[in-house]
Each structure stands twice: as structure tokens, then as C-alpha cells.
């Protein structure tokens, strides 16, 4: 899952980024509304965490611009404003949820998970063949056996499962899992796919992660690609 954080307070932005990345999300950060809009128009995101008080283009104006451009990804507003009128205004402009500063990170994370579940309409449990991944508990099993993954391995597997049966280019994987452009990236994607294969496929008759020559990878139970 690829998240854009638009927050002008450097320490707050860094705190959110570290927490989300530790939870296996790919995160980009911008510190003003205009830069946030530019980034949003250039890349695909699954969710935006948007501060209300921003330089150059404030959060509510950016929220309005997002919806006028018919960008329908979920938006979580962060606001130091505590009046009901301010919160109602943000929701009326198209925000999906809001969180008042200061906040506990666990609550922000819970709201992020809820918004992503709602927007993707995805089942709580992701599965392919006898592979199971629970985004809430972060538990992965295959054939009933628990598999321990690093945060980045988990993020990669979750993305592959959410797009199962779709051939994904390395550029798409780089953007959604690492938050970088593949052109400037190394062979890290291939390395991590091999890590996953060693944990997910080794010892099982049905292989799930397949290479597509010249393109990228696909996760599917059918070996014919």
C-alpha cells in the first residue's frame, strides 16, 4: 500500500513515516500543499494523510482540489482545530475521516487500516491456494504453517496478493511497495522476490510467485503465465 503524507511539521511527518514504514506501508512525504498536489498528480496512491494547516496551499483547499479533479482515493485529515464546524467542513469537502492532533500513532494506524479496507473492498483475509495473509494480525501461513516475514517482505507479498493474477511490472512494484521510481532503483525487487519465494514456495508443489520475462512478476496458483 502506497501512502502520501502531506504535513509541514518535519518531526510529525517523520514520526508518521517511520511508523507507517514499520507497518509495511510505502510512504512519500511532502511539506506543503502545492508540492502535495504535484506529487499526487504524478503518482498513484492508495491513501492520503493530509494536514489542514499547510503553507502555499492549505489542506482544505487541497482537499477541495483533489475531489474537483475526481481523485477518489481516501483522505485522512489531521487537524489541530477542535471545533465541530471545522471538522464538518473537511468532511463536506470530501475527506473520509479526521484525526485531531496530538494523536496516538496506534489510532492513526487503525484509521489507516479501516480506510484502506473500505476503499479496496478487499476481504479481510487475503489468500491464494493454501497461502493466507491477514492484514490486521499480520499473520502469514501456508498449508497451515506460520511464515515469518520482514516488514518489506510482508508489504511485497500483500501487494502481490491484492493484485493476484495480474502481471505487475517492476516499475509498478517499486512505486507501490518502495515508493520510488524503478529507473533509479537497483535489483532490490528481484532480491526480495527471491526472499519471498524461499519462504512461500520452497517445499510446496504448487508455486505461487512467477516471473514474466521482460515484464515483472505475477502471483497465481496456475503455473501457466
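No value in this document is a laboratory result; all are computed from the given coordinates. Since we're looking at a predicted model, the values are computed, not measured. Positions of Cβ are backbone-derived with ideal geometry, glycine not excepted, and every protein chain shown enters the neighbour counts.
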Fill in the blank from the handout: Taking the chain and counting helices only, DSSP H stretches of n ≥ 4 at -39,500 (n - 2.57) each over all residues, the nearest-500 ellipticity at 222 nm comes to -11500 deg cm²/dmol
Practice task
Provide the FRET efficiency to the nearest 0.05 for the residue 118-residue 11 pair, computing r from the beta carbons and using R0 = 35 Å.
Solution key: 0.75
Practice task
Would you mind checking the tilt of helix 151-162 against the longest principal axis of the Cα atoms of the chain, expressed as 0 to 90 degrees and rounded to 10?
Solution key: 80 degrees
Problem - Ranked by how many other beta carbons lie within 10 Å on average, peptides 88-99, 156-167 from highest - result: 156-167, 88-99
Exercise for the section: Starting from the Cα of residue 213, step 7 Å along the direction of its Cβ; do the same at residue 187; then give the gap between the two resulting points in nm. Expected result: 1.8 nm
Problem - the stretch 1-82 shape via C-alpha gyration tensor axes, a/c threshold 1.5 - result: oblate
Problem - Cubic angstrom per residue, convex hull over Cα atoms of the stretch 126-219 - result: 91 Å³
Problem - Separation of the residue 138 and residue 84 label points, Cα + 7 Å toward Cβ, nm - result: 3.8 nm
Practice task
Give me the angle, in degrees from 0 to 90, between the Cα long axis of helix 59-68 and the longest principal axis of the Cα atoms of the chain, rounded to the nearest 10.
Solution key: 60 degrees
Fill in the blank from the handout: Checked the stretch 76-162 against the a/c 1.5 cut and the a/b vs b/c comparison, axes a ≥ b ≥ c from its Cα gyration tensor; verdict prolate
Handout entry: Ordering of 212-221, 70-79 by burial proxy (mean other Cβ atoms within 10 Å per residue, highest first)
Key = 70-79, 212-221
Handout entry: Degrees between helix 10-22 axis and first principal axis of the chain (Cα, 0 to 90, nearest 10)
Key = 20 degrees
Handout entry: For the chain, alpha-carbon Rg over 2.2 N^0.38 Å
Key = 1.08
Handout entry: Stretchable slack from residue 194 to residue 53, in nm (0.36 nm times residue separation minus alpha-carbon distance)
Key = 46.4 nm
Exercise for the section: Could you tell me whether the stretch 12-135 comes out rounded, prolate or oblate from its Cα gyration tensor? Rule is a ≥ b ≥ c as square roots of the eigenvalues, rounded for a/c under 1.5, then prolate if a/b exceeds b/c, otherwise oblate. Expected result: prolate
